[in-house]
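A short write-up of the structure that comes next.
The values are calculated or read from the model by the stated rules, or taken from the named source; none is laboratory data. Predicted model, so just to flag it, every value in this text is computed and none were measured. Please note: Cβ atoms are built from the backbone with ideal geometry, for glycine as well, and neighbour counts cover all protein chains shown. Each accessible area value is taken on the protein alone, full model and side chains, heavy atoms only, with ligands, DNA and RNA left out. Shrake-Rupley method; radii C 1.70, N 1.55, O 1.52, S 1.80 Å.
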Amino acid sequence: MNEDGWRLEVTNSAAVVTAPPWKCHTFEVPFLQLRWQTTGLGTPQPFIEWTTPSATNFSPARRMYFDPVKGDAISYTMIPTYRHPQWTGEVSQLRIGLGNTAPGGVTIQAFFSQYDTRHNINSQNFVRGCAKYSGGRAT
């Protein structure tokens, strides 16, 4: 551990980081967010894989690729898992595949489920608030 997160030294190509078993329903987890930083790793092509109660082995059929980190800073990567056709039902376990071709380093600051919190009522409330506000006084 360092001030940025969990620092991993990657010595082999095609490295993976497997999370402990964790049950969730895909309806409640339309996105995953990975806050991370990398150094080296060649030309990585990272991905997420998952297992289900009925499919207990990780498989390329349940794999979703996402963009590698660009630059040296911690990157906040949103992974839209809801777009994958196999992201249905219950998930039992997740793993991050680095897709690396060379040794390097990874710092994982956070990895968690995320919701899309945009609301279709926000625009209406803005217009309503503007209409009710008059010259610094509420009407």
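Convert each backbone phi in the range 73-88 into a coupling constant with the Karplus relation 6.51 cos²θ - 1.76 cosθ + 1.60 (shift: θ = phi - 60°), then list the ³J(HN,Hα) values in order as whole Hz, x for Gly and Pro.
7, 4, 10, 9, 9, 8, 10, x, 4, 4, 7, 7, x, 8, 7, 9
Compute the angle between helix 122-132 and the longest alpha-carbon principal axis of the chain, please, reported from 0 to 90 degrees and rounded to the nearest 10.
Computed tilt is about 20 degrees.
Please give the per residue volume of the convex hull enclosing the alpha carbon atoms of the range 6-71, rounded to a whole number of Å³.
127
Mind ranking 46-53, 101-108, 63-70 by how tightly packed they are, going by the mean number of other C-beta atoms within 10 angstrom, highest first?
The densest-packed peptide leads the list: 46-53, 101-108, 63-70.
Compute the Cα gyration tensor for the range 29-139, then decide on rounded, prolate or oblate, letting a ≥ b ≥ c be the square roots of its eigenvalues: rounded whenever a/c is under 1.5, prolate when a/b is larger than b/c in the other cases, and oblate in all that remain.
It is oblate, given that a/c is not under 1.5 and a/b is not larger than b/c.
Of all accessible surface on the chain at a 1.4 Å probe, what whole percent is carbon and sulfur?
53
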